[in-house]
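Reviewing the structure listed below.
The values are calculated or read from the model by the stated rules, or taken from the named source; none is laboratory data. From a predicted model like this one, the values you see are computed outputs, not experimental measurements. Cβ sites come from the backbone with ideal geometry, for glycine too, and all protein chains shown count toward neighbours.
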Amino acid sequence: MNLTGVELRRVALPLVAPFRTSFGTQTRRDVLLLRVVTDGAEGWGECVAMADPLYSEEYVDGAVDVLRRFLVPRLAAAGSFAATDVAPLLSGFHGHRMAKAALELAVLDAELRAEGRPLARELGAVRDRVPCGVSVGIMASVPELLDAVGGYLDAGYVRIKLKIEPGWDVEPVRAVRERFGDDVLLQVDANTAYTLADARHLARLDPFDLLLIEQPLPEDDVLGHAALAKQIRTPVCLDESITSARGAAAAITLGACSVVNIKPGRVGGYLEARRIHDLCVAHGVPVWCGGMLETGIGRAANVALAALPGFVLPGDTSASDRYYRTDVTEPFVLDEGHLAVPTGPGIGVTPRDDELAAVTTWSEWLPL
Ligand SMILES: CC(=O)N[C@@H](Cc1ccc2ccccc2c1)C(=O)O
Ligand SMILES: [Mg+2]
């Protein structure tokens, strides 16, 4: 396949409600979308980086720069190539996994659309719909949290994830258990907010039968997570720490995690995400699909990935209206707690021109 050009496009989407985590409060999403034009078809990709480097070291302006100056020119110089060539072609550039993932997805989408093949089948999906969990932010009070959780359970979400941080952890978890009972699938996500010195405090979550505690310690503290896992009963799940299949193998071997949150953007793309899935399945480690408040473009690809056999826990593949009043694609709507896996060629969704124009803040065409 030959690339004829890449369009970089930033869209601004207000969130339906502020989303507070241990690294700050978000009220809008500044998303970088990619449209790749090839001799065969067009393809869409989404970069999950935030506007500010608060979740990871990547941020939107940096992704734009590295794509414009390094990643796209590298592909342009390669002449004809397949989607599986993208990661090797870009491997000389260190890091920038979210930018690389966006470009790889756009090329993969174009390639599959040209051949009329759905992404889900290409990745090895075994289901036509996936059960959906929801990520619930830190709230101003426990009553507000309980209202939010009640609303999501009424909407049909099959798993609740509570953002936690020091000072907002045991009490909200206890309140949710007391209000909604022991059968609700419940987990927490600290986004690196604790240290190993908090182990005894985190062990106070053990009585609440959580599915997992996600990324309690800093992303580079794999040994700390292995030590913590020996001091608490709640299974440790890693998110920010897992950036490649090699890193996943090391974390599992060291006993740093017994569950993995797979986010294609964080690990450099959907093909690396599938490699991590395969590796975790081989080790008997359950995986689930994380979320980065994607638009329908990234959401469609995540739902396809979440349909692979090793994704045995509900993911953060929530409906579009969890975050946005309107989406750039047809919205993903929860149906009995599930989202349907797109069946069309490629990612199976396409942005609506009117919606896209309404939320576009900037775009640039990179001719090749
Ligand atoms: C659904 C969920 O909790 N996602 C991330 C955290 C997160 C939270 C807020 C975000 C705001 C803008 C962009 C990315 C974001 C990611 C996580 O699992 O750790
Ligand atoms: Mg997380």
message: Test of understanding: among Val134, Val126, which residue is of a type outside the set (D, E, K, R), outside any helix (DSSP H, G or I), touching a residue at least 40 places away in the same chain (Cβ under 8 Å) and within 15 Å of ligand 1 (Cβ to nearest atom)?
response: Val134
- request: State whether the residues of the stretch 39-51 include one that is free of Cβ contacts under 8 Å to residues at least 40 places away in the same chain and over 30 Å from Ala140 (Cβ atoms).
  value: yes
- request: Go through the stretch 207-222 and give me each residue that's in a helix (DSSP H, G or I) and among the aliphatic types (A, V, I, L, M).
  value: Val222
query: Taking the stretch 304-320 as the search range and keeping residues that are of a type outside the set (S, T, N, Q) and either part of a strand (DSSP E or B) or closer than 13 Å to Glu294 by Cα (or both), which one is nearest to ligand 2 (Cβ to nearest atom)?
result: Asp316
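For Val281, state whether it is more than 20 Å from Ala101 (Cβ to Cβ), in the same structural domain as Gly43 (by TED's automatic domain parsing) and either touching a strand residue (DSSP E or B) at 6+ places or on another chain (Cβ under 6 Å) or buried (at least 16 other Cβ atoms within 10 Å of the Cβ) (or both). Write out each step before concluding.
Values: more than 20 Å from Ala101 (Cβ to Cβ): yes; in the same structural domain as Gly43 (by TED's automatic domain parsing): no; either touching a strand residue (DSSP E or B) at 6+ places or on another chain (Cβ under 6 Å) or buried (at least 16 other Cβ atoms within 10 Å of the Cβ) (or both): yes.
For Val281, the condition - more than 20 Å from Ala101 (Cβ to Cβ), in the same structural domain as Gly43 (by TED's automatic domain parsing) and either touching a strand residue (DSSP E or B) at 6+ places or on another chain (Cβ under 6 Å) or buried (at least 16 other Cβ atoms within 10 Å of the Cβ) (or both) - is not met.
Specify the residue that is farthest from ligand 1 (Cβ to nearest atom); the eligible residues are those in the stretch 63-72 that are touching a residue at least 12 places away in the same chain (Cβ under 8 Å) and surrounded by fewer than 18 Cβ atoms within 10 Å (Cβ to Cβ). Quick ask: steps written out before the conclusion?
Step one: list which residues in the stretch 63-72 are touching a residue at least 12 places away in the same chain (Cβ under 8 Å), which gives 63-64, 66-68, 70-72.
If we keep only those that are surrounded by fewer than 18 Cβ atoms within 10 Å (Cβ to Cβ) as well, we get 68, 70.
Values: Arg68: 22, Phe70: 23 Å.
By that ranking, first place goes to Phe70.
Under the condition of being in a loop (DSSP other than H, G, I, E, B) and more than 16 Å from ligand 2 (Cβ to nearest atom), which residue from the stretch 32-52 is modelled with the lowest pLDDT? It would help to see each step written out before you state the result.
Residues of the stretch 32-52 that are in a loop (DSSP other than H, G, I, E, B), as a first pass: 39-41, 48-49, 51-52.
Subset that is more than 16 Å from ligand 2 (Cβ to nearest atom): 39-41, 51-52.
Numbers: Asp39: 91, Gly40: 88, Ala41: 96, Ala51: 98, Asp52: 98.
If we take residues in the stretch 32-52 being in a loop (DSSP other than H, G, I, E, B) and more than 16 Å from ligand 2 (Cβ to nearest atom), then Gly40 is modelled with the lowest pLDDT.
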- line: Only one of (1) over 20 Å from the mean Cα position of the chain (by Cα); (2) in a loop (DSSP other than H, G, I, E, B); (3) among the hydroxyl-bearing types (Ser, Thr, Tyr) does not apply to Thr84, and that is (2)
task: For the stretch 320-337, indicate whether the set of residues that are touching an Asp or Glu at 6+ places or on another chain (Cβ under 7 Å), in the same structural domain as Asn261 (by TED's automatic domain parsing), among the β-branched types (Val, Ile, Thr) and in contact (Cβ under 8 Å) with a residue 24 or more places away in the chain is non-empty.
output: yes
field: Condition broken by Ala148, with the remaining ones in (1) under 21 Å from Pro314 (Cα atoms); (2) in contact (Cβ under 8 Å) with a residue 12 or more places away in the chain; (3) surrounded by fewer than 13 Cβ atoms within 10 Å (Cβ to Cβ) satisfied
entry: (3)
query: Just for the stretch 70-81: of the residues that are part of a helix (DSSP H, G or I) and not basic (Lys, Arg), which one is farthest from the chain's Cα centre (by Cα)?
result: Ala77
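Here are Leu153, Leu105, Leu89: which of them is in a helix (DSSP H, G or I), more than 16 Å from ligand 1 (Cβ to nearest atom) and touching a Pro at 6+ places or on another chain (Cβ under 9 Å)? If you could, list the steps in order and put the result at the bottom.
Numbers: Leu153 fails: touching a Pro at 6+ places or on another chain (Cβ under 9 Å); Leu89 fails: touching a Pro at 6+ places or on another chain (Cβ under 9 Å).
Within the list Leu153, Leu105, Leu89, the selection yields Leu105.
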field: Subset of the stretch 303-334 (residues that are within 20 Å of Arg28 (Cα to Cα) and in contact with a Gly (Cβ under 8 Å, 6 or more places away or on another chain))
entry: Asp316, Thr317, Ser318, Ser320, Asp327, Val328, Thr329, Glu330, Pro331, Phe332
- prompt: Restricting the stretch 238-262 to residues that are among the aliphatic types (A, V, I, L, M) and not in a helix (DSSP H, G or I), which is nearest to Met292 (Cα to Cα)?
  reply: Ile262
- request: Quick one: Asp189 ticks every box in (1) acidic (Asp, Glu); (2) surrounded by fewer than 19 Cβ atoms within 10 Å (Cβ to Cβ); (3) within 14 Å of ligand 1 (Cβ to nearest atom) except a single one, so which number is it?
  value: (2)
- request: With the condition kept exactly as written, say whether any residue in the stretch 168-185 is in contact (Cβ under 8 Å) with a residue 40 or more places away in the chain and within 15 Å of ligand 1 (Cβ to nearest atom).
  value: no
